[in-house]
Amino acid sequence: MSQQQDDAEFTALQTEIKQAYHQQSMEQPSAELDEAILAKARAARHVVAKQSGVTKSLWQRNAWLFSTAASVILVAGLFILNPSLQQQVGINLEQGLPEQQMDAQQFDVENVMSKSSSETIRNAAVEQSIVVEGMSMRTASPKLEQASPASVSDEALIDNTLTGKMQMQEASQQALVESQKQAKAAKQATAAEAAQLKAAALPIRQQEKEFKLMKQQLESNPKGHIELDTAEVAFARLQALMADNKIKQAEGYMITMEQRFPELLSPVHPLYEQYQKIKAQLTSQ
Amino acid sequence: MVPTLTQSKDAQPKDDTLVPQVGSDEQLMLDYQAGDISAFETLYRKHKGPLYRYFVRQLHDQQLAEDLYQDTWSKVMNAAAQYQVKAKFTTWLYKIAHNLLIDHVRVVKPLDNISPLADEQQMDSLEADNLNAPEPQLQQQQQLNMMKACIAHLPAVQKEAFLLNIEMGMTAAMISDIADVTLEATKSRIRYAYQSIKQCIALKLQETR
């Protein structure tokens, strides 16, 4: 009861003082002060409008979206315009197959085809070298096959950095070069070994067959160009010329043989003695 | 430092943002934010007198009061870009003014120790001017001058609460939010201020008789 009475008294007091307060003269800021503040407000208006972000451009609002799209277009454009990048990544975009596996298979096929077409005479040693070469290629092929799964797994990471792909491509190219070198070295080594073995233990029947083959090839190649790769075959052809009593041709062929196969003049060579005999026959006549 | 309106307790709205009414202070502020200078002019004319007196009647230093008054409006302009309607504009405006007052004056010199010489001198001069006025008007003018002198003698915290209540019609909740004190303390300050003014005027009237 007393609380309500106090509140009523206070409300009456408040009203009385308020009425009296608002009857008095009220201080106001000077006109100069008003003008200074309003001028400042006018000057700050442009800043306020800019800072509030009303005029934010479309590019600024979607900066992240645009930058992402531009990056994707750039990478895709590079892949489309530059086929070497496709190889680096290991993907043939048109066929959707890993490029390096195809390359390895084509390399094997082309190697065998080129060898078979370039060799006019089927020699056992050469055949063996080809077989060994094929083996060496097979031994090298796992490297390629190791590289190709890596490239296949990289298909999912096409949009990753190109530097990693460049490194992978370089590694695969190095593997290819190394395999080619190994193949050549193996070919040379096996050819020499096969020649020695053949010369030492060549059966007489096989020599006769080779003589017949040489005759046929000489007839088909009257100019007498030596198209053989081994001294043994050349020596067989020389023997065939001597057997046919074609002395002049045999003399010319012998000179060519010495130029091409100087190892025949070495006493260590297994055909040295036989060659010297034929040479003595030719020079004595 | 410009206060954030989310600091308010009693006056804090439930929603993060309020929908301002057309022509309200909050809408005028948003219009100024969008670049409408006339909105700011309207807002300024509406609040310039009470805000000016808020400083002048508490500081008794005309130059300092004008400086702080100008600083308050500068802060309003600078904060306009980030302004969001989360409470009443007047609460925000006087919170800025209160903080400036605290920063510039109370830290250096407590207001309670300031002697209101300027008001007394002004009152004396007014009394001298009113000697030639008719008797009823003279009595009324004397009472007004007594009230002004009594307000000047109030403690600083009571004076601030009284001025905010009588000038702007602010409730105790709004004042407590501005002054950052409890609601009960603010109610007490307002009540004591009115009672002190009444007693002061009665005392002065007895002295004159």
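The values are calculated or read from the model by the stated rules, or taken from the named source; none is laboratory data. Source: prediction; values computed, not measured. A quick note on method: Cβ atoms are made from the backbone with ideal geometry, for glycine too, and the neighbour counts reach across all protein chains shown. Heavy atoms of the whole protein, side chains included, go into the accessibility calculation; ligands, DNA and RNA do not. Shrake-Rupley method; radii C 1.70, N 1.55, O 1.52, S 1.80 Å.
Quick look at the numbers
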{"item": "Single unsatisfied condition, B:Ser196 versus (1) within 13 Å of chain A (Cβ to nearest Cβ); (2) polar (S, T, N, Q); (3) open to solvent by 50 Å² or more (accessible area, probe 1.4 Å)", "result": "(3)"}
{"item": "Single residue of segment B:32-76 satisfying the filter (within 16 Å of B:Ala152 (Cα to Cα) and aliphatic (A, V, I, L, M)) that is farthest from the other protein chains (Cβ to nearest Cβ)", "result": "B:Leu59"}
{"item": "One residue from A:Gly77, A:Gly53 being surrounded by fewer than 16 Cβ atoms within 10 Å (Cβ to Cβ), modelled with pLDDT of 85 or more and not hydrophobic (A, V, I, L, M, F, W, C)", "result": "A:Gly77"}
{"item": "Any chance A:Val47 is facing chain B (nearest Cβ under 10 Å) and either within 30 Å of B:Ser74 (Cα to Cα) or at pLDDT 85 or above (or both)", "result": "yes"}
{"item": "Of residues in segment A:4-31 being farther than 24 Å from B:Cys200 by Cα and more than 10 Å from chain B (Cβ to nearest Cβ), the one least open to solvent (accessible area, probe 1.4 Å)", "result": "A:Ala31"}
{"item": "Segment B:69-120, subset open to solvent by 10 Å² or more (accessible area, probe 1.4 Å), modelled with pLDDT of 90 or more and hydroxyl-bearing (Ser, Thr, Tyr), residue farthest from the chain's Cα centre (by Cα)", "result": "B:Ser74"}
{"item": "Residue that is surrounded by the most Cβ atoms within 10 Å (Cβ to Cβ), among those in segment B:135-186 that are assigned to a helix (DSSP H, G or I) and of a type in the set (D, E, K, R)", "result": "B:Asp177"}
